[in-house]
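S.K.: Encoded as structure tokens, here's the structure I'll be asking about.
The values are calculated or read from the model by the stated rules, or taken from the named source; none is laboratory data. Predicted, not measured: the structure shown is a model, and the values here were computed from it. Note that each Cβ is placed from the backbone with ideal geometry, even for glycine, and that neighbours are counted across all protein chains shown. The accessibility values were calculated without ligands, DNA or RNA, using every heavy atom of the protein model including side chains. Shrake-Rupley method; radii C 1.70, N 1.55, O 1.52, S 1.80 Å.
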Amino acid sequence: MSTKLLLKNDHVANINKLEVYKQHGGYASAEKAIKTMTSDTLVDEVKKSGLRGRGGAGFPTGMKWSFLAKPAGVPRYLVCNADESEPGTFKDRYLMERHPHLLIEGMICSSFALGANTGFIYIRGEYFYIVPILEKAIEEAKAAGYLGNNILGTDYNLELHVQVGGGAYICGEETALLESLEGKRGNPRMKPPFPAVAGLYGCPTVVNNVETIAAVVPIVAMGGDEYAKIGVGKSTGTKLISASGHINKPGVYEIELGKVSVEEFINSEEYCGGVWKGRKLKAVVAGGSSVPILPTNLILQTADGNPRMMSYESLGEGGFISGTMMGSGGFIVMDETVNIAENLYTFNRFYHHESCGQCSPCREGTGWMEKLTHSIISGHGKPSDIDLLWDLQTKIDGKTICPLGEAAAWPVASAVRHFRADFEKLIH
Amino acid sequence: MEVKFDEAALKTANKIISRYPEGKKKSALLPLLHLAQAEFDGWLDVPVMDYIATLLAIKPIEVYEVASFYSMFNLKPVGKCVIEVCHTSSCWLRGAEEIIQHLENKLHIKAGETTADGKFTIKRVECLGSCGTAPMFQVGAQYYENLTTEKVDTIIEDLDKSGKRTTYFDEVSLTAHK
């Protein structure tokens, strides 16, 4: 059995209610943090834990927190990124819907560490039905003295608000999210300045993913050193994996990082339960639509022949030649009947739709890649189109303000690199 | 006709505006556009957007540029029920195109169109974060998951019978909207 931290109470009925959440140890971390720790010791614990951002980038959370500027008299903000929109990813939705208090408690601990007195949860508009769940949890926490003024009899004050987005993948990029929260189009900002210096309303701001903030709760409870013992190497702790596609048991699974092999994850009854309909595995997108797609041989084993494990390092082994990334943990499985060029078309259409339009390489390039792939899968492609696709993605990668350019380029590059035959099959 | 929130909606609007620091009420724009869309027939006509601009003391262009950026805001009239079908990878892998085809045949319209009686609009949308329960569509705030063509038939019948306009604000409400 693997270690469960975030979903350890998943089987408990009514865990979304404060009373039940408290009966299972809830809000002990908030009390511990506010009553016995200081901002600095809390940031240190998170640094020691080795926690890395769970939204996709995997940046060390403690380090991100330590960059926060603290000019006197200027408010600081914690913004929770609940804009989960990376195709294949639905773990934040699961967490917020079923464990809203875990997020609220994480927000309390994290805000206290940052010295923030106002926090926003920016949730994608399509998740509108989760808004009342979160607002109810906030209301309950406030009534119980965990939010509001003089929390638990101390001089610490915190207000939390839920903000709904309007349907835009780009708002998952932290500076686009801040623009949106200020009531503007979600156009990413040029960096520097980074949000840690000039974020929401020009004030120092930390933006963290839902799962990252939730993970602060067990870190406070057990201490950073203990948390760092879970997992392997620099992949500490647990990670929520959203499993979808051609498997018998799609769903959200919590794994201990580095302890489960990709093969076990796909085939074990504890997780995906095998490829559906008794078919063979063809390909996996292991970390959300943006990360390189890998064929069966490379996703199950590294180029050196070692079993590939579910960790940042193992999934990344081999770079983009033979490896991929952990990303958001959006794990999409494809069986032998899928033509990868056809699946790529859905990604290209997605990125074209979601490009904010600021940078020409992304705005024009994503549209061009969509058209080309469409032409190929409709039987109108030319042999030279495959190389043109390859060439196009190299003209986008690294040439845009925000990472949406890379996110759009990598699926194309990896599909052409590993599945060229699928394109050729469609070109007469 | 003058465009104006009724008393209850105005109360909600003011409560939303009060969340933000002094001088930052433009932050309320997206939530207010959702509210306005729910209050004014499911779409944002120019006078509606102008009204929101007045409420937030910003220029109308600041509202138009935002409303046209985000895919959840309708700038043209839509049917009472907008069926938003996800067609991205995970849903596509598990039969989203069959679901869209079935809807199109059933309602005698193409995706992007509205039925002649104004009851239904079919809209293709990008990933709704329901990949583990694919295929799926959203109508208002409600997610309909693990769809089959039989399930779709029942859902459409129920929606047809209810005859209600579904919006994101409709089924559920912000705490402020009581």
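S.K.: Can you tell me which residue in the stretch B:70-83 is nearest to the other protein chains (Cβ to nearest Cβ), limited to those that are in contact with a Lys or Arg (Cβ under 7 Å, 6 or more places away or on another chain) and open to solvent by 10 Å² or more (accessible area, probe 1.4 Å)?
M.R.: Among them, the one singled out is B:82.
S.K.: For residue B:122, work out the one condition from (1) in contact (Cβ under 8 Å) with a residue 24 or more places away in the chain; (2) assigned to a helix (DSSP H, G or I) it doesn't fulfil.
M.R.: (2)
S.K.: Do we find that residue A:97 is within 14 Å of another protein chain (Cβ to nearest Cβ) and without any contact (Cβ under 8 Å) to a residue 12 or more places away in the chain in this structure?
M.R.: no
S.K.: Has the stretch A:30-51 got any residue that is closer than 16 Å to residue A:235 by Cα, of a type in the set (Lys, Arg) and part of a loop (DSSP other than H, G, I, E, B)?
M.R.: No: zero hits.
S.K.: Given the criteria open to solvent by less than 10 Å² (accessible area, probe 1.4 Å), outside the structural domain of residue A:53 (by TED's automatic domain parsing) and farther than 27 Å from residue A:240 by Cβ, does residue A:373 qualify? Walk me through how you get there before you give the answer.
M.R.: Details: open to solvent by less than 10 Å² (accessible area, probe 1.4 Å): yes; outside the structural domain of residue A:53 (by TED's automatic domain parsing): yes; farther than 27 Å from residue A:240 by Cβ: yes.
Spelling it out, residue A:373 is indeed open to solvent by less than 10 Å² (accessible area, probe 1.4 Å), outside the structural domain of residue A:53 (by TED's automatic domain parsing) and farther than 27 Å from residue A:240 by Cβ.
S.K.: What is the one condition in (1) within 12 Å of chain A (Cβ to nearest Cβ); (2) of a type outside the set (Lys, Arg); (3) surrounded by 21 or more Cβ atoms within 10 Å (Cβ to Cβ); (4) in contact with a strand residue (DSSP E or B) (Cβ under 8 Å, 6 or more places away or on another chain) that residue B:88 does not satisfy?
M.R.: Unmet condition: (4).
S.K.: Mind telling me which of the residues A:140, A:135 ends up being in contact (Cβ under 8 Å) with a residue 60 or more places away in the chain and in a helix (DSSP H, G or I)?
M.R.: Going through A:140, A:135 in turn, the sole match is A:140.
S.K.: Name the single residue that is surrounded by the fewest Cβ atoms within 10 Å (Cβ to Cβ) among those in the stretch B:138-152 being touching a residue at least 12 places away in the same chain (Cβ under 8 Å) and away from chain A (no Cβ under 11 Å).
M.R.: We begin by selecting, within the stretch B:138-152, every residue touching a residue at least 12 places away in the same chain (Cβ under 8 Å); these are B:138-143, B:145-147, B:149, B:152.
From the residues that got through so far, the ones that are away from chain A (no Cβ under 11 Å) too are B:139, B:147, B:149, B:152.
Details: B:139: 22, B:147: 23, B:149: 14, B:152: 20.
For the stretch B:138-152, the residue satisfying everything is B:149.
S.K.: Another question about this same structure. Could you name every one of the helices (runs of 4 or more DSSP H) located completely within the stretch A:340-428 that has at least 2 residues being farther than 20 Å from residue B:88 by Cβ and over 27 Å from the mean Cα position of the chain (by Cα)?
M.R.: Passing ranges, in order: A:384-396, A:404-426.
S.K.: Quick one: residue A:328 ticks every box in (1) among the hydroxyl-bearing types (Ser, Thr, Tyr); (2) part of a helix (DSSP H, G or I); (3) surrounded by 18 or more Cβ atoms within 10 Å (Cβ to Cβ) bar one, so which box is it?
M.R.: Going through the list (1) among the hydroxyl-bearing types (Ser, Thr, Tyr); (2) part of a helix (DSSP H, G or I); (3) surrounded by 18 or more Cβ atoms within 10 Å (Cβ to Cβ), residue A:328 breaks only (2).
S.K.: Checking residue A:63 against (1) part of a strand (DSSP E or B); (2) open to solvent by 20 Å² or more (accessible area, probe 1.4 Å): exactly one of these is not met. Which one?
M.R.: Exception for residue A:63: condition (1).
S.K.: Okay, next question. Can you tell me which condition residue B:113 does not meet? The list is (1) buried (at least 18 other Cβ atoms within 10 Å of the Cβ); (2) more than 9 Å from chain A (Cβ to nearest Cβ); (3) without any contact (Cβ under 8 Å) to a residue 12 or more places away in the chain, and all the others hold.
M.R.: Here residue B:113 clears every test but (1).
S.K.: Please go through the stretch A:261-292 and give me each residue that is open to solvent by 10 Å² or more (accessible area, probe 1.4 Å) and either part of a strand (DSSP E or B) or not assigned by TED's automatic domain parsing to the domain that holds residue A:313 (or both), ordered by number.
M.R.: A:261, A:275, A:281, A:282
S.K.: Within the stretch A:101-116, is even one residue within 11 Å of chain B (Cβ to nearest Cβ) and not aromatic (Phe, Trp, Tyr)?
M.R.: No, that holds for no residue.
S.K.: For residues that are small (Gly, Ala, Ser) and not in a loop (DSSP other than H, G, I, E, B), scanning just the stretch B:1-24, find the one that is most open to solvent (accessible area, probe 1.4 Å).
M.R.: B:8
S.K.: Among the numbered criteria (1) under 30 Å from residue B:75 (Cα atoms); (2) assigned to a helix (DSSP H, G or I); (3) open to solvent by less than 10 Å² (accessible area, probe 1.4 Å), which single criterion is violated by residue A:113?
M.R.: Among (1) under 30 Å from residue B:75 (Cα atoms); (2) assigned to a helix (DSSP H, G or I); (3) open to solvent by less than 10 Å² (accessible area, probe 1.4 Å), the lone unmet condition for residue A:113 is (1).
S.K.: What about residue A:333, is it touching a Cys at 6+ places or on another chain (Cβ under 8 Å), surrounded by 23 or more Cβ atoms within 10 Å (Cβ to Cβ) and either within 12 Å of another protein chain (Cβ to nearest Cβ) or of a type in the set (Phe, Trp, Tyr) (or both)? Steps first, please.
M.R.: Values: touching a Cys at 6+ places or on another chain (Cβ under 8 Å): yes; surrounded by 23 or more Cβ atoms within 10 Å (Cβ to Cβ): yes; either within 12 Å of another protein chain (Cβ to nearest Cβ) or of a type in the set (Phe, Trp, Tyr) (or both): yes.
Spelling it out, residue A:333 is indeed touching a Cys at 6+ places or on another chain (Cβ under 8 Å), surrounded by 23 or more Cβ atoms within 10 Å (Cβ to Cβ) and either within 12 Å of another protein chain (Cβ to nearest Cβ) or of a type in the set (Phe, Trp, Tyr) (or both).
S.K.: Can you work out which of the residues in the stretch A:66-93 that are of a type outside the set (Lys, Arg) and in a helix (DSSP H, G or I) is nearest to residue A:256 (Cα to Cα)?
M.R.: In the first step, residues of the stretch A:66-93 are kept if they are of a type outside the set (Lys, Arg); the result is A:66-69, A:71-75, A:77-90, A:92.
Filter again for in a helix (DSSP H, G or I), leaving A:66, A:92.
On the way: A:66: 26, A:92: 17 Å.
Within the stretch A:66-93, the match that is nearest to residue A:256 (Cα to Cα) is A:92.
S.K.: Residue A:310 passes all but one of (1) within 14 Å of chain B (Cβ to nearest Cβ); (2) surrounded by 21 or more Cβ atoms within 10 Å (Cβ to Cβ); which number fails?
M.R.: Going through (1) within 14 Å of chain B (Cβ to nearest Cβ); (2) surrounded by 21 or more Cβ atoms within 10 Å (Cβ to Cβ) one by one, residue A:310 breaks only (1).
S.K.: Here are A:251, A:223: which of them is surrounded by fewer than 22 Cβ atoms within 10 Å (Cβ to Cβ), farther than 20 Å from residue A:403 by Cβ and within 14 Å of chain B (Cβ to nearest Cβ)?
M.R.: Within the list A:251, A:223, the selection yields A:251.
S.K.: Could you tell me which of the residues B:157, B:65, B:84 is of a type in the set (D, E, K, R), closer than 24 Å to residue A:124 by Cβ and assigned to a helix (DSSP H, G or I)? Please lay out each step first, then the result.
M.R.: Working: B:157 fails: closer than 24 Å to residue A:124 by Cβ; B:84 fails: assigned to a helix (DSSP H, G or I).
None of the others qualify; the one that does is B:65.
S.K.: Would you mention how many residues in the stretch A:293-318 are touching a residue at least 24 places away in the same chain (Cβ under 8 Å), assigned to a loop (DSSP other than H, G, I, E, B) and of a type outside the set (A, V, I, L, M)?
M.R.: Matching residues across the stretch A:293-318 total 2.
S.K.: Could you list, in sequence order, the residues of the stretch B:1-53 that are among the hydroxyl-bearing types (Ser, Thr, Tyr) and within 14 Å of another protein chain (Cβ to nearest Cβ)?
M.R.: Of everything in the stretch B:1-53, those that are among the hydroxyl-bearing types (Ser, Thr, Tyr) and within 14 Å of another protein chain (Cβ to nearest Cβ) turn out to be B:12, B:18, B:20, B:27.
S.K.: If you don't mind, another one. Do you know which residues across the stretch B:54-63 are within 11 Å of chain A (Cβ to nearest Cβ) and over 20 Å from the mean Cα position of the chain (by Cα)?
M.R.: Selection gives B:56, B:58, B:62.
S.K.: Given A:347, A:320, which one is touching a Pro at 6+ places or on another chain (Cβ under 6 Å), within 14 Å of chain B (Cβ to nearest Cβ) and among the aromatic types (Phe, Trp, Tyr)?
M.R.: Working: A:320 fails: within 14 Å of chain B (Cβ to nearest Cβ).
None of the other options fit; the residue is A:347.
S.K.: Please give the number of the condition residue B:106 fails out of (1) more than 14 Å from chain A (Cβ to nearest Cβ); (2) within 22 Å of residue A:163 (Cα to Cα); (3) surrounded by fewer than 19 Cβ atoms within 10 Å (Cβ to Cβ).
M.R.: Exception for residue B:106: condition (2).
S.K.: Could you give me the residue pairs with C-beta distances under 7 Å whose first residue belongs to the stretch A:32-46 and is of a type in the set (S, T, N, Q), whose second residue is outside any helix (DSSP H, G or I) and open to solvent by less than 40 Å² (accessible area, probe 1.4 Å) wherever it lies, and which are 6+ apart or on separate chains?
M.R.: Between residues of the stretch A:32-46 that are of a type in the set (S, T, N, Q) and residues that are outside any helix (DSSP H, G or I) and open to solvent by less than 40 Å² (accessible area, probe 1.4 Å), the close pairs are A:39/A:115.
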